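In what follows, a structure is listed as structure tokens, so that the remarks can point back to it.
The values are calculated or read from the model by the stated rules, or taken from the named source; none is laboratory data. Because the structure is predicted, anything quoted here is derived from the model rather than measured. Note: ideal-geometry Cβ built from the backbone for every residue, glycine included; neighbour counts use all protein chains shown. SASA here: full protein model, heavy atoms, side chains in, ligands and nucleic acids out. Shrake-Rupley method; radii C 1.70, N 1.55, O 1.52, S 1.80 Å.
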Amino acid sequence: MTVGIPDGLERLWTPHRMTYISGADRPAEGYETPTGCPFCLAPERHLADSLVVARGERVYAVLNLYPYNPGHLLICPYRHVPDYADLDPAETAELGALTQTAMRVIRQVSQAHGFNIGMNQGPVAGAGIAAHLHQHVVPRWGGDANFMPVIGQTKVLPQLLADTRDLLAGAWPAA
Ligand SMILES: [Zn+2]
């Protein structure tokens with residue numbers, strides 16, 4: 001997630017997104033229905049291959065499969081709803097609480113200097129999977145968007161996703 005108009009560099013920085021952009025892993029039924037929706041399926045996966053970091057009562061946190069930065073989390077309601085205004089008060093409160101916890105945990109384990117937090121609402125606003133609400137929590141470090149052009153296509157995501165998941169899940173406070 002970047003501020004302003006996306007440019008070509010953004011794609012160079014995020015090679016993990018290329019699978020998604022190319023549609024190679026798009027289910028036949030599409031993302032729009034719960035049966036093909038990765039945010040409906042993620043909490044049901046076996047723990048071993050799950051990228052879920054924390055499970056709340058109504059909302060959960062999962063690593064973005066196509067991160068902009070290491071530790072890029074998505075905070076999702078279990079319910080398959082597209083719009084922030086669709087959340088009931090309890091879901092809204094828990095989404096906020098998990099976002100706060102995510103920030104604390106990421107700061108603790110990786111000393112993030114800042115964050116981009118937000119939701120893209122609708123395909124026109126850049127939501128890749130618009131049918132299921134998800135709040136991005138993207139840690140930022142000073143210089144993370146500055147030195148990358150020097151190394152061009154070799155955007156380094158130094159931790160494998162499973163290792164990142166274990167690191168964050170291990171630091172996540174018990175409910
Ligand atoms: Zn869904």
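Based on what the data block shows, is ASN116 in a strand (DSSP E or B), open to solvent by less than 50 Å² (accessible area, probe 1.4 Å) and modelled with pLDDT under 95?
yes
Hey, can you tell me all the residues within the range 70-85 that are open to solvent by 10 Å² or more (accessible area, probe 1.4 Å) and touching a Phe, Trp or Tyr at 6+ places or on another chain (Cβ under 8 Å)?
TYR78, HIS80
Of everything in the range 36-52, what is buried (at least 18 other Cβ atoms within 10 Å of the Cβ) and within 12 Å of the ligand (Cβ to nearest atom)? Give them in sequence order.
Matches in the range 36-52: CYS37, PRO38, PHE39, CYS40, ALA42.
Filtering the range 19-35 down to residues that are at pLDDT 65 or above and either within 19 Å of CYS76 (Cα to Cα) or of a type in the set (Val, Ile, Thr) (or both), which residue is farthest from the ligand (Cβ to nearest atom)?
The extreme case among them is GLY30.
Could you list, in sequence order, the residues of the range 119-139 that are β-branched (Val, Ile, Thr) and either open to solvent by 30 Å² or more (accessible area, probe 1.4 Å) or away from the ligand (no atom under 16 Å from the Cβ) (or both)?
VAL124, VAL137, VAL138
List pairs: first residue in the range 115-138 and within 19 Å of GLY96 (Cα to Cα), second residue open to solvent by 50 Å² or more (accessible area, probe 1.4 Å) and assigned to a strand (DSSP E or B) anywhere in the structure, Cβ distance under 8 angstrom, at least six positions apart or on different chains.
From residues that are within 19 Å of GLY96 (Cα to Cα), the pairs are PHE115/ARG140; ASN116/ARG140; GLN135/ILE117; HIS136/ILE117; VAL137/ILE117; VAL138/ILE117.
Looking at ARG55, ARG107, which one is surrounded by fewer than 18 Cβ atoms within 10 Å (Cβ to Cβ), more than 16 Å from HIS136 (Cβ to Cβ) and either touching a helix residue (DSSP H, G or I) at 6+ places or on another chain (Cβ under 8 Å) or touching a residue at least 40 places away in the same chain (Cβ under 8 Å) (or both)?
Just a single option satisfies the conditions, and that option is ARG55.
In the list GLU94, GLU57, which residue meets the criterion of being assigned to a loop (DSSP other than H, G, I, E, B), out of contact with any His (no Cβ under 7 Å at 6 or more places or on another chain) and among the acidic types (Asp, Glu)?
Within the list GLU94, GLU57, the selection yields GLU57.
Based on this model, can you work out whether VAL109 counts as at pLDDT below 95 and either in a helix (DSSP H, G or I) or in contact with a Leu (Cβ under 9 Å, 6 or more places away or on another chain) (or both)?
Yes, satisfied.
Would you pick out the residues in the range 62-90 that are within 15 Å of MET119 (Cα to Cα) and over 18 Å from the mean Cα position of the chain (by Cα)?
ALA85, ASP86, LEU87
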